[in-house]
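**Q** Below is the structure I would like to discuss, written out as structure tokens.
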Amino acid sequence: MRQGVVAAIATLLSGSALAAEPNYFIAPMYGMSFGGEFDTTDEVEGERTDVGDLEIDSDSHVGFMIGRELDDPGNVYLLYSKQSTSFKTGSFGPSNGVDLDVSYLHFGGSLYFPNGDFVPYVTASVGVTEFKPDGDYSSEYAFSMGLGLGARYNITRNIGIYADARSFFSGYESSSDLVCFDQDGQCKLRLEADAIVQGQVNIGLLARF
């Protein structure tokens, strides 16, 4: 009888512990973004002609993930990051010095390969990229995909630190324009791109609840 009561209490306690297992998380991040190049075209005798390249300068970004951990093991998450940068000094075009925000809003998932408190993972995501030049220039939105590798170390049951590297691929139609430069009231020089590739390296803190 006594053994049965003890077994029942142990079962209830273990069930409560499982129920209290933190499944959700928020993970702020800080890192560096690099890469990204556009073609600069000019209108010559009624046709668009490539006249040079314009690169996005490498700069820091901030962001966060919110999500839920799964039993696979892995997670699903919503990611947002924003890089405030400019077109690289010395690049072609009259836009040198124009500030540019590059933002990603992605839904993704990760697959864990846990080894104790050390948790390597691979991750993939899809979503939208926003290229937003400062001033009167137009913004452009593009479908994008992301791939990455990373690792997390669990300091406690609820707190961990992580680092990862990600690549983002943003696709455009060939006719898409990002920035149009007015000369004498006419749109003469503009930036075009079929695909933009950017890389990120991140460090962050993960809190589970």
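Here, each number is a calculation from the coordinates, and none is a lab measurement. Please read these numbers as outputs of a predicted model, since none were measured by experiment. We place every Cβ from the backbone using ideal geometry, glycine too, and count neighbours over all the protein chains shown.
**Q** Quick one: length gained pulling Val128 to Arg157 fully straight, 0.36 nm per residue minus the C-alpha distance? Please report the intermediate quantities before stating the final value.
**A** On the way: separation 29, 0.36 × 29 = 10.44 nm, distance 3.30 nm.
That works out to 7.1 nm of additional length.
**Q** Taking the Cβ of Leu149 as the center, what net charge do the other residues with Cβ under 14 Å away carry, scoring Lys and Arg +1 and Asp and Glu -1? If you can, show how the numbers build up before the last one.
**A** On the way: positive: Arg152, Arg166; negative: Asp164.
In short, +1.
**Q** Okay, next question. Please work out how much length the chain gains when fully extended from Thr49 to Leu147, using 0.36 nm per residue of separation minus the C-alpha to C-alpha distance, in nm with one decimal.
**A** Working: separation 98, 0.36 × 98 = 35.28 nm, distance 3.33 nm.
Going from the current span to full extension adds 32.0 nm.
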